[in-house]
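Read the structure below first, then the notes.
The values are calculated or read from the model by the stated rules, or taken from the named source; none is laboratory data. The shown structure was predicted, so the numbers you read here are calculated from the model rather than taken from an experiment. Each accessible area value is taken on the protein alone, full model and side chains, heavy atoms only, with ligands, DNA and RNA left out. Shrake-Rupley method; radii C 1.70, N 1.55, O 1.52, S 1.80 Å.
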Amino acid sequence: RGARLRVEQLDTSDARSIDACAARLAADGVALDGLVNNAGVASKHHPVDPISERARFDGADALDVLRVNVIGTILATNALLPLLAAKPGGARTVVTLSSDLGSIENTFAAQSAKVRPGGVASYRMSKAAQNMATRVFAAELRERGFVVVALSPGWVATDMGSWGGR
């Protein structure tokens, strides 16, 4: 009762955008119960992004995917941790949206009829790294009362998820 939802947009590839968002919230006296990290981009060739084909794997593009999906999520979480810790008795929950594609165990499974096993390399690597970052946050923040989890919503009809009619 009396809970309010506030949605803030920020660009996780831009540290200034992250800091500005945290500053806006702090200036408004916001104390957060939870944070949902929903940033995610894929390579320009997604989902056809094989790591073993030098002509098709773009290292700079892969770094951009890692910068947004992993580093940006870490920076955003760190920037907003003080607001999560500020609420007395708050839930202090951080949820990061992940993907089954980040599963190391499932790497040999085909993503779809159009994409062979493996592939989708940049996105897969970023989500695996993001999953590890989430676990490290969980370990480091547990004693401070934080719950930090990664959740995979399954296939979602987004610009990335809609390629090829999937």
Quiz item: Considering the chain as a Gaussian network with a 10 Å cut-off on Cα pairs, which listed residue, Ala91, Ala22, Ala42, attains the greatest mean-square fluctuation?
Solution: Ala91
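Considering only protein heavy atoms, what per residue accessible area in square angstrom results for the chain with a 1.4 angstrom probe? Walk me through the intermediate numbers first.
Details: 9940 Å² over 166 residues.
Heavy-atom SASA per residue in the chain reads 60 Å².
Evaluate segment 29-144: find the radius of gyration of its Cα atoms, find its Kirkwood radius, and give the ratio Rg to Rh. Display every interim value, and only then the final one.
Numbers: Rg = 16.4 Å, Rh = 15.4 Å.
That ratio equals 1.07.
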